[in-house]
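A short reminder: the numbers here are calculations on the coordinates, not readings from a lab. Treat the numbers as computed from the prediction; the structure is a model and nothing was measured. Neighbour counts are summed over all protein chains in view; Cβ atoms, including those assigned to glycine, are modelled from backbone coordinates with ideal geometry.
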Amino acid sequence: MGTIYIDGKASEADPKQNLLHACLSLGLNLPYFCWHPAMGSVGACRQCAVKQFKDAQDTRGRLVMACMTPAAPDTRISLQDPEAVAFRAGIIEGMMLNHPHDCPVCDEGGECHLQDMTVMTGHDYRRSRFPKRTFHDQYLGPFVYHQMNRCIQCYRCVRFYRNYAGEDDLNAFGISNEVFFGREQDGVLKSEFAGNLVEVCPTGVFTDRTLRRHYTRKWDLRMAPSICGHCSLGCNTTMGERYGLLRRVVNRFNSEVNGYFLCDRGRYGYEFVNSEQRIRAAQINGAPTSVTEAKRRLSSLVAGGQQLIGIGSPRASIESNYALRRLVGKDRFFCGVSDGEWERTRAMVEILQAGPARSASLRDVELSDAVLILGEDVTNSAPRMALSVRQSLRQQSFETTQKLRVPLWMDDAVREIAQAKRSPLFIAAAGATRLDDVATATYKAAPEDIARLGFAVAHEIDAKAPEVPDLSGEMRELAATIATALTGAKHPLVIAGPSCRSISVIESAANVARALCDNGHSAALSLIAPACNSFGLALLGARPMSEALAAVQDHGDATLIVLENDLYRQLPAKLVDGYLAKAAHLIVLDQLGNGTTAKAELLLPAGTFAESDGTLVSNEGRAQRFFQVFVPEDGIKESWRWLGDQSWSSLDDVLSEIGTEIPRLASVIGAAPLSSFRIAGAKIPREPHRYSGRTSITANISVVEPKPPDDPDSSLSYSMEGASIQPPAALQPFFWAPGWNSIQAVNKFQSEIGEALRGGVPGVRLFETSTGGGYFDGIPNPFTRRTQEWLLLPIEHIFGSEELSAHASSIAELVTEPYLALNPADAAGFLAEGKPTVVEVAFGGLKQRVPLKVLAELPSGLAGIPAGLTALCGEELPAWCRIERAS
Amino acid sequence: MLSIIRTMWSVFLHTFHRRVTIQYPEQKAYLAPRYRGRIILSRDPDGGERCVACHLCAIACPVDCIALQATEDENERRYPEFFRINFSRCIFCGYCEDACPTYAIQLTPDFEMSEYNRQNLVYEKEDLLIDGPGKYPGYNYWRVSGVSIGGKGKGEAENELPPVELRRLTP
């Protein structure tokens, strides 16, 4: 740290950073547009001008752009210098020349960075009498709404979209005063991270199209900290509700996890909460019933003396799973996923707990400088991670940058120095992935061969690792290249997951990570889990489903309780039918109607993550708590409340009981402060202090205002009154600071710009490295294709493969039609006149008609079917299938 | 003693003053057009709803007695789906009128709103919306705003250039 002088006052600043970063870190208000904490400086907007002085004697000084000037020790600047103030006001006035008179109907209004900066510089009256420039807008898909008139040409959108997210269909067109940001023509934005444009754009050019349908200003939203449940990464989000309807999701900064960005599934998947499919009232044999009656029936079924069998869920919170486990007894609590998935999940947890490699957070992914991905298309299975992997590709070029003494924040120069140089990224997958365009090398093969490659890489790094028999020369060469790249890196990373439905792939990744660690490299390992709380369920412990059927059969009159789990998506339909037919009574708790709920004798409406509190364990092993945003309509309750003990009065009771009963999960209670936490005796308000309509919202029903609901489960209140200082990070309901209404107010909550929130990093890590264990040696035989049969594998899709988000109306627009994919050579025999046709897939006595799709990168002998999108989604894959042309 | 006589004299003199008291309700008092009474929602000169559901009146309201929900017609013209004022809470401060960027919400010289039942003081949009432009006859927000609505495309607002032709080659 060095000392810089701002308006004569000495302050500490990091000399590796720029002056804007330093000023904002010190809590000073300096307007800016083009700079973004995650994307560095380009000096395009000229808004952050300050006066810099040569030395203490210099009184004249010169104007510099704070974002482009290093915060070198002894720098003397002035923010308040009249010339600098006038310059900044002039820049804003220039930007406002063409800015339309849209604020009242603009969705950004009230959380607009341009509004904030305009107020900050004091520009309040339009002097220009000249006409305003206008543009035609484009249709950019179901997520992002385009209003180009409002643009101030800061270039943030294209810098994010092209440089950061690596997609190329958004660009700047035109010159001089007529620069246009959009696509070459109307169409859906290709990037899976396009939704971030809403937050990246400092004004209302890109706004949330889903919010537009039920528009509410930021100040009118009741907000709560939440955790995204649409994949296993556990990104932190802020949910906003008004009038009992979930309105939107925005990013909630977590320096270790999602940073400043979310994926589109996480941002737009929230709409399932408002879906027509929601179960809003308890039902007995399909007929709606009251809460009292449902409770009575539940207790009579539970106390009826029949054997209780509980089926848990990888997408339900630890608390809900625990409540069920407690109700039925731990010997009768089953995991609710296929045996294969359960085995893989438990193996992953075991590897992360017992292995020497650190379980990688998304920040670790971003900072790694060589990445090996085994068997995953991360963009589709854990989308946000793909964005981090893309950033990791820059790490090695930073060495050159540092040699040339160019600071890392000088974005354009750093990218210019890097040219096409990228850190090594190797992807072995059973098909094309969305990161192939930036990979050093890709290897398309069947799961067995991917695993063999992983084992071979491990052996190349460490001779003690088991050797792969019958290794082809080509694969040996590739393994050697990968091994060299990984060992040559400072922070190598291995990513694997369950997409290939192969435990060998996961074990091979563990071997690579272990080999690296044993040879003195600080390797990290990231294992993607199948669902948002798979690891939590594995830590809780449950019996495999294959034993559940036996248990149901043993007790002819068993009562089956299914927790937030559509069994038809997890297990073969025949098997599920068997379970359900054998059980005397079926109790189902769920949020959305599905095949399992349709068969329930007693159906209980379970709260979604917007309507309940709970804890999820992410793939990093980070236990994070999500909080209720609003009190749902009568009837909807947290699953742990439905199933839990009468003596539980709040979430704290559940958590402390989990802590004593299950020592592995003892630290989960620390994921967020308990409900007794207060700041100066006050709860933390969920509503901003300007929340409007308090005395009018329910006046149409009764003019007498109701008391705000109580929240026994958290230290957040359903009110605008309460603690006004910064709460612990895990309880941060929204980011707002005086003068900073937009989401960029997060600057005011960070210990240093881009670093952890002052209240700490939300969540607790449950996995720490250990020195135990050894190499896995279950090396599979090479894949051999069959002549008349294909190995059927699921293909993950960001939109559609995840159960809940697929019910969001905007995401539903982008869900692909079911298909069967074959590579061109294999497909040739099924094409009708050279055109794809409909085929019939048959395996294990099942048949499914699907259109044929030709996928060039799919290895020969494999067939792909979209995960979660067909009636086959519950079948245990991979499986050999026969394909016939449908007549 | 003297002060008592002076007071009585003063009272006596008032017998000959012009009367201030009027015979309300038979006789109505004059209220200036800017009097802050019952709140109305006005229409623009074209007859359309002026309110664009920007929520600024609601945030300005010190007693939080305004609640509304924005929605759009098929041409993306925004308007309130519902607009509710709880007059039993309203203090007639006029902040909502100050905040309104479209002259939609206006206070009128009418205060005769007494009710026996407090619930009747909750006014919905149907109760608030009048047929004319109220105090500001000429203004139409949509003619100034840069967004397109039915009947007004991009670049057709006041003081706007025609939309930039992106495929033009000359600078």
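Taking neighbour counts of Cβ atoms within 10 Å as a proxy for exposure, in what order, fewest first, do A:Arg405, A:Arg222, A:Arg280 appear?
Fewest-to-most ranking of A:Arg405, A:Arg222, A:Arg280: A:Arg405, A:Arg280, A:Arg222.
If the cut-off is 16 Å between C-alpha atoms, which aspartates and glutamates fall inside it for A:Lys748, apart from same-chain ones fewer than 8 positions away?
A:Glu111, A:Asp116
Tilt of helix A:339-354 relative to the longest C-alpha principal axis of chain A, in degrees (0 to 90, nearest 10)?
Helix A:339-354 and the main axis of chain A meet at about 50 degrees.
Lysines within cross-link reach of A:Lys295: Cα-Cα under 17 Å, excluding same-chain residues under 8 positions apart?
Reachable lysines: A:Lys637.
Size of segment A:790-885 along its principal axes in angstrom, Cα-based, largest extent first?
38, 28, 21
Which order results if A:Lys421, A:Lys707 are arranged by neighbouring Cβ count within 10 Å, fewest first?
A:Lys707, A:Lys421
Taking neighbour Cβ counts within 10 Å as the exposure measure, how do A:Val249, B:Val122 sort from fewest upward?
Numbers: A:Val249 27, B:Val122 23.
Going from sparsest to densest Cβ surroundings: B:Val122, A:Val249.
Give the share of C-alpha pairs in each 5 angstrom bin for segment A:633-777, from 0 to the last occupied bin, in whole percents, shortest bins first.
2, 8, 12, 15, 16, 15, 13, 9, 6, 3, 1, 1, 1, 0, 0
Which FRET efficiency value, to the nearest 0.05, is calculated for B:Gln23 and A:Ala303 with the Förster distance at 60 angstrom and r the Cβ-Cβ distance?
Computed FRET efficiency for B:Gln23 and A:Ala303 comes out at 0.20.
What translational diffusion coefficient, to the nearest whole µm²/s, does segment A:348-529 have by Stokes-Einstein, given a Kirkwood radius computed over alpha-carbon pairs, a temperature of 25 °C and 0.890 mPa s viscosity?
D, rounded to a whole number, is 152 µm²/s.
Taking the Cα centre as origin and putting +1 on Lys and Arg beta-carbons and -1 on Asp and Glu beta-carbons, what dipole magnitude results for segment A:620-688, to the nearest 20 debye?
The dipole of segment A:620-688 has a size of about 280 debye.
Please give the average number of partner chain Cβ atoms lying within 10 Å of the Cβ of each residue in B:55-64, rounded to a whole number.
Mean partner shielding for this stretch: 6.
Using only Cα atoms, locate the centre of segment A:597-660 and the centre of segment B:121-171, then give the distance between them in Å, rounded to an integer.
Cα centroid to Cα centroid, the span is 47 Å.
Are there cysteines in chain B with no second cysteine's Cβ under 4.7 Å away, and if so, which?
So, B:Cys51, B:Cys54, B:Cys61, B:Cys65, B:Cys90, B:Cys93, B:Cys100.
With point charges of +1 on the Cβ of Lys and Arg and -1 on the Cβ of Asp and Glu, referenced to the Cα centre of chain B, which listed residue (B:Pro25, B:Gln106, B:Tyr141) lies farthest in the positive direction of the dipole?
Among B:Pro25, B:Gln106, B:Tyr141, the one farthest towards the positive end of the dipole of chain B is B:Pro25.
Under Stokes-Einstein, with the Kirkwood radius over Cα pairs standing in for Rh, what whole-number D in µm²/s applies to segment B:99-171 at 25 °C and 0.890 mPa s?
150 µm²/s
Once the dipole of segment A:790-885 is set up with Lys and Arg at +1 and Asp and Glu at -1 on Cβ about the Cα centre, which of A:Ile883, A:Gly800, A:Gly868 lies farthest towards its positive end?
After comparing all options, I get A:Ile883.
Run down the lysines and flag those whose C-alpha is under 30 Å from the C-alpha of A:Lys490, throwing out any fewer than 8 positions away in its chain.
Qualifying lysines at Cα under 30 Å: A:Lys16, A:Lys403, A:Lys421, A:Lys444, A:Lys464.
For chain A, with only Lys/Arg (+1) and Asp/Glu (-1) charged at the beta-carbon, what is the dipole magnitude about the Cα centre, in debye rounded to 20?
For this selection, approximately 1800 debye.
Apply 1/(1 + (r/R0)^6) to the Cβ-Cβ distance of A:Ala598 and A:Arg129, taking R0 = 60 Å, and write down the FRET efficiency to the nearest 0.05.
FRET efficiency, A:Ala598 to A:Arg129: 0.35.
Average the reciprocal distances over every distinct pair of alpha-carbons in segment A:109-173, invert the result, and give the Kirkwood radius in Å.
Kirkwood hydrodynamic radius for segment A:109-173: 14.4 Å.
With a/c under 1.5 counting as rounded, go ahead and sort segment A:53-129 into rounded, prolate or oblate using the C-alpha gyration tensor (a ≥ b ≥ c being the square roots of the eigenvalues; past the cut-off, prolate if a/b is larger than b/c, else oblate).
Values: a/c = 3.50, a/b = 2.20, b/c = 1.59.
Prolate shape, in that a/c is at least 1.5 and a/b is the bigger ratio.
Once Lys and Arg get +1 and Asp and Glu get -1 on their Cβ, which of A:Ser338, A:Gly312, A:Met348 lies farthest toward the positive end of the dipole of segment A:288-367?
A:Gly312
What percent does the relative contact order of segment A:448-606 come to when contacts are Cα pairs within less than 8 Å and at least six residues apart? Please list the in-between numbers first.
Numbers: 218 pairs, mean separation 27.7, N = 159.
Result for segment A:448-606 is 17 percent.
Please give the Cα centre distance for segment B:39-81 versus segment A:249-294, rounded to the nearest Å.
One Cα centre to the other: 30 Å.
Which value in Å does the Kirkwood hydrodynamic radius of chain B take, with 1/r averaged over all unlike C-alpha pairs and then inverted?
19.6 Å
If you look at just the Cα atoms of chain A, how large are its Rg and its Dmax in Å?
28.0, 93
222 nm [θ] for chain B, helices only, -39500 (n - 2.57) per DSSP H run of 4+, per residue, to 500?
-4000 deg cm²/dmol
To the nearest 20 Debye, how big is the dipole of segment A:515-637 about its Cα centre, given +1 on the beta carbon of each Lys and Arg and -1 on that of each Asp and Glu?
Dipole of segment A:515-637, to the nearest 20 debye: 220 debye.
What does the net charge come to around A:Asp208 if you take all other residues with beta carbon closer than 10 Å to its beta carbon, with K and R at +1 and D and E at -1?
Numbers: positive: A:Arg209, A:Arg212, A:Arg213, A:Arg247, A:Arg248, A:Arg267; negative: A:Asp107, A:Glu108, A:Glu199.
Result for the neighbourhood of A:Asp208: +3.
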